[in-house]
Amino acid sequence: MWDIIEIGPSQIDDVVPLFDAYRIFYRQPSDPEAAQKFLMQRTKLGESIIYAAYTGEGKAVGFTQLYPLFSSTRMGRVWLLNDLFVDPEYRGNGISLLLINRAKKLAKETRAVGVLLETEKTNTIGNNLYPRAGFHLETDTHYYFWHNE
């Protein structure tokens, strides 16, 4: 029913509205032009992998974007599942799980040690979804971020 496809530069415009909506969800201003440029740069430079979920009619209705990282303590590649978004009209159809499963498949294909993600504590949908998808909440670490202002 849903096709999960790795997209390249020629399909970026398919996911720009989804990426823009994702950013709005996280309280960022809408900027489709900048979103298109950002996604195009990531794919052209090989800095991320984007999977999109398409309907049978060829409409993109969800996406996930992953970035490669490395873990020194685990001595291996880790994929950061940085973005995951499904058009609200299509939620409840298992699309998020399909996208997550494709990310896990990528980890297996690249012999990565795992997939890492973060979400806000207030993201009820995500915080219910990720454990169902096999992710474990790491409670013994602190997450710090330095803002370069």
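The values are calculated or read from the model by the stated rules, or taken from the named source; none is laboratory data. The structure displayed is predicted, hence computed values, not measured ones. Here the Cβ is made from the backbone with ideal geometry for all residues, glycine too, and neighbour counts use every protein chain on show.
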_Condition first: part of a loop (DSSP other than H, G, I, E, B) and free of Cβ contacts under 8 Å to residues at least 60 places away in the same chain. Now tell me which residues in region 2-25 satisfy that._
8
_strands (runs of 3 or more DSSP E) wholly inside region 40-149 containing at least 2 residues that are surrounded by 14 or more Cβ atoms within 10 Å (Cβ to Cβ) and of a type in the set (Val, Ile, Thr)_ = 49-54, 60-71, 76-86
_Cross-chain or 6+ apart pairs with Cβ under 9 Å, region 64-83 first and among the acidic types (Asp, Glu), then at pLDDT below 95 and in a loop (DSSP other than H, G, I, E, B)_ = none
*Counted residues, region 35-51 - those being among the aromatic types (Phe, Trp, Tyr) and within 14 Å of the chain's Cα centre (by Cα)*: 1
*Looking only at region 1-33, count how many residues are more than 15 Å from residue 83 (Cβ to Cβ), among the hydrophobic types (A, V, I, L, M, F, W, C) and surrounded by fewer than 14 Cβ atoms within 10 Å (Cβ to Cβ).*
1
*In this structure, is residue 36 in a strand (DSSP E or B), at pLDDT 95 or above and of a type outside the set (Gly, Ala, Ser)?*
no
